[in-house]
Every structure is written in structure tokens, then in C-alpha cells.
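The values are calculated or read from the model by the stated rules, or taken from the named source; none is laboratory data. All values reported here derive from a predicted model rather than from experimental measurement. Please note: Cβ atoms are built from the backbone with ideal geometry, for glycine as well, and neighbour counts cover all protein chains shown. Accessible surface is based on the protein model in full, side chains and every heavy atom, while ligands, DNA and RNA are left aside. Shrake-Rupley method; radii C 1.70, N 1.55, O 1.52, S 1.80 Å.
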Amino acid sequence: SFIQFPQTWLDALVLLKLLKPGDLKPLRWDYFVVPLLVVCALRVAWKSRPSLAESGLTGANFLGAIKLLSLPTLLGAIFLLGFGAYCHSIDITPRFWKRFLLNSAIFQQMAVQLFFHRQLTPWFGAGHKTAWILTIFFAALHVPNPGLMLGTLIGMYFWTRCYQRQPNLYALAISQALLSALLMHTMPKWMLPSVSVGLRFVEKVWLISP
């Protein structure tokens, strides 16, 4: 099912020259949800008053986090390349680096770690249980897209465990951006029917129609 914006809103935006009739394209929920979750994450962080280093927003723990993530990221990359080779679907092109989206990855990790992770920790502790709950939860949000579910299962557990031990969002973002780009260039079409990669919350979204 689709949700439509009221026509009067669209007419008003066109009248104010904030929108052109030809620009009315389908919008994804995650265009709105991810920024909202980032704001919520910052609010939770502000209320709990962790230091910037504890939040993972400084250079502290960067090398330690990179060290923790290097092996899981390498194994994840080998798995994706191996699966792509088996399916004859590897397609590494110059667009790979255009899809190495650090900005998107860091905002997603902020939402996951600063908001969801910090909400779960008082209930389940800072350990394997919280990491698995986050992994399963975010994998479920990608149903029925098998490629994105697989990507989430590969990365989310290790990113969460790394954040528990060496909190640094920049290191997490590098790992996520690399594996996300590889996912897009190695998965066969039947495994990744959508062009979206990364942490996504809804596959079918808003439709604007005139």
C-alpha cells in the first residue's frame, strides 16, 4: 500500500517554487526515518551525558576499533567476493568508490549505537545478548530483501561488539561503507533486488503522485 501527500500540500510547494511538477518522485520512508533517528540518538546521548569519547564521536579508540574490526571486515569481504564468484555476479566498477558512502554509514551508526544500543544496554547489558538482539532486529527490518538481510547479519553483530569494547563511530562507518559497497557489487540480482545498501528501515515507501 502507498501513502500519498494531500494534493493541497503539493500545490502549495509548487506555488512556493519549492517543488517543480516534474520533480514529484517516489520518496522512501528512510529519507525521513534515518535523520529522525539521528536526532533521537543525539537527544538520548545529551540526556545521558556521556563524554564525546564514550559516544565514539572523537578520535579516541579509533585504532583499537580498527584493530577489532579488521578481521571481521576482511572475512566479510572474502565471503561476499567468494559468494559473488560462485554466482558469477562480481561487477567491480569505478562506481564502487561512489558507493563507498562514509557520510551515510556514520549517520546510520549514530542512530544504531547512540540510540538503539544505549536503550537496550540497561536491560540486557553490554555484551553478546544486546549485540544479537540488535542484529536480529535490524535483519528483520530488511525482510524480504535477502541481500540486505545477509549484509546486516554479516556486519551488525561485530559493529555492536566493537562499539561495546572500543567505541568509535568512524571506524564502524569505514567497515560498514566498505562491506555495503562490496555487497552492491557482488550480490546477484535475485539476492539484492533493491539498489539500496546499508542500514534501511522500510523497503517500500512513500509515493507522491500529482
- Answer residue from the stretch 83-110, given it is in contact with a Pro (Cβ under 9 Å, 6 or more places away or on another chain) and assigned to a helix (DSSP H, G or I) and is modelled with the lowest pLDDT among those: PHE107
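Which members of the stretch 96-112 meet the condition of being open to solvent by 60 Å² or more (accessible area, probe 1.4 Å) and in contact (Cβ under 8 Å) with a residue 12 or more places away in the chain? Walk me through it before giving the result.
Just the residues of the stretch 96-112 that are open to solvent by 60 Å² or more (accessible area, probe 1.4 Å), to begin with: 97-98, 101-103, 107.
Residues satisfying the conditions are TRP97, LEU101, LEU102, PHE107.
Condition check: at pLDDT 80 or above and either open to solvent by less than 90 Å² (accessible area, probe 1.4 Å) or on the phi < 0 side of the Ramachandran plot (or both). Does ALA65 satisfy that? Can you show your working first?
Details: at pLDDT 80 or above: yes; either open to solvent by less than 90 Å² (accessible area, probe 1.4 Å) or on the phi < 0 side of the Ramachandran plot (or both): yes.
In short, yes.
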- Task: Could you list, in sequence order, all residues of the stretch 163-177 that are more than 12 Å from VAL112 (Cβ to Cβ), assigned to a helix (DSSP H, G or I) and either open to solvent by less than 10 Å² (accessible area, probe 1.4 Å) or in contact with a Phe, Trp or Tyr (Cβ under 8 Å, 6 or more places away or on another chain) (or both)?
- Result: TYR170, ALA171, SER175, ALA177
- Going through the stretch 96-136 one residue at a time, which ones are under 17 Å from TYR157 (Cβ atoms) and among the aromatic types (Phe, Trp, Tyr)? PHE116, PHE124, TRP132
- Note on the structure: LEU80 vs (1) part of a helix (DSSP H, G or I); (2) open to solvent by 40 Å² or more (accessible area, probe 1.4 Å): all pass except (2)
- Note on the structure: Exception for ALA140 within (1) open to solvent by less than 90 Å² (accessible area, probe 1.4 Å); (2) within 13 Å of the chain's Cα centre (by Cα); (3) without any contact (Cβ under 8 Å) to a residue 24 or more places away in the chain falls at (2)
